[in-house]
Amino acid sequence: MENGAVYNETTEPRAKPPRLSLGCSLRHLGGWRLAPKALQTILSLLAVICEEIVADCMNCSGLYFFEFISCSAFLLSLLILGVYCTDAFERFGEDKVQKV
């Protein structure tokens, strides 16, 4: 027997390194939960756009507060959609997602 034949029979092939994939999956945010979350994202983006249209205001503190709240709502709902609708949910684990 040749040394090469013995070596080939006892060695496992090299495993490919795991790829970073962000596939889309609706397993964790499907059905009736997806529509309100998508609507929330769209409406909060619309609120940010409408707030930016305002050119003049007499008392702007309320407008600035509304801008902060609508922008925060847009970014957080976008983050939720990103985590629950991609493979990031499985990568991070349910316990870490629930903590965040």
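The values are calculated or read from the model by the stated rules, or taken from the named source; none is laboratory data. Quick caveat: nothing in here was measured; it's all calculated off a predicted structure. Glycine gets a Cβ as well: all are built from the backbone with ideal geometry, and neighbour counts include every protein chain shown. Heavy atoms of the whole protein, side chains included, go into the accessibility calculation; ligands, DNA and RNA do not. Shrake-Rupley method; radii C 1.70, N 1.55, O 1.52, S 1.80 Å.
Annotation for the stretch 42-59: at least one member residue is of a type outside the set (A, V, I, L, M, F, W, C), open to solvent by less than 90 Å² (accessible area, probe 1.4 Å), out of contact with any Lys or Arg (no Cβ under 8 Å at 6 or more places or on another chain) and over 30 Å from Lys96 (Cβ atoms).
The residues of the stretch 43-62 that are part of a helix (DSSP H, G or I) and out of contact with any Leu (no Cβ under 7 Å at 6 or more places or on another chain), listed by number, are Leu43, Ser44, Leu45, Leu46, Ala47, Val48, Ile49, Cys50, Glu52, Ile53, Ser61, Gly62. For beta carbons closer than 9 Å, sequence separation of 6+ or different chains, a first residue in the stretch 41-54 that is over 23 Å from Gly82 (Cβ atoms) and without any contact (Cβ under 8 Å) to a residue 12 or more places away in the chain and a second that is assigned to a helix (DSSP H, G or I) and of a type outside the set (Asp, Glu), the qualifying pairs are Cys50/Ser70; Val54/Leu63. Is there a residue in the stretch 63-86 that is open to solvent by less than 50 Å² (accessible area, probe 1.4 Å), assigned to a loop (DSSP other than H, G, I, E, B) and on the phi > 0 side of the Ramachandran plot? Checked the stretch 63-86: no residue is open to solvent by less than 50 Å² (accessible area, probe 1.4 Å), assigned to a loop (DSSP other than H, G, I, E, B) and on the phi > 0 side of the Ramachandran plot.
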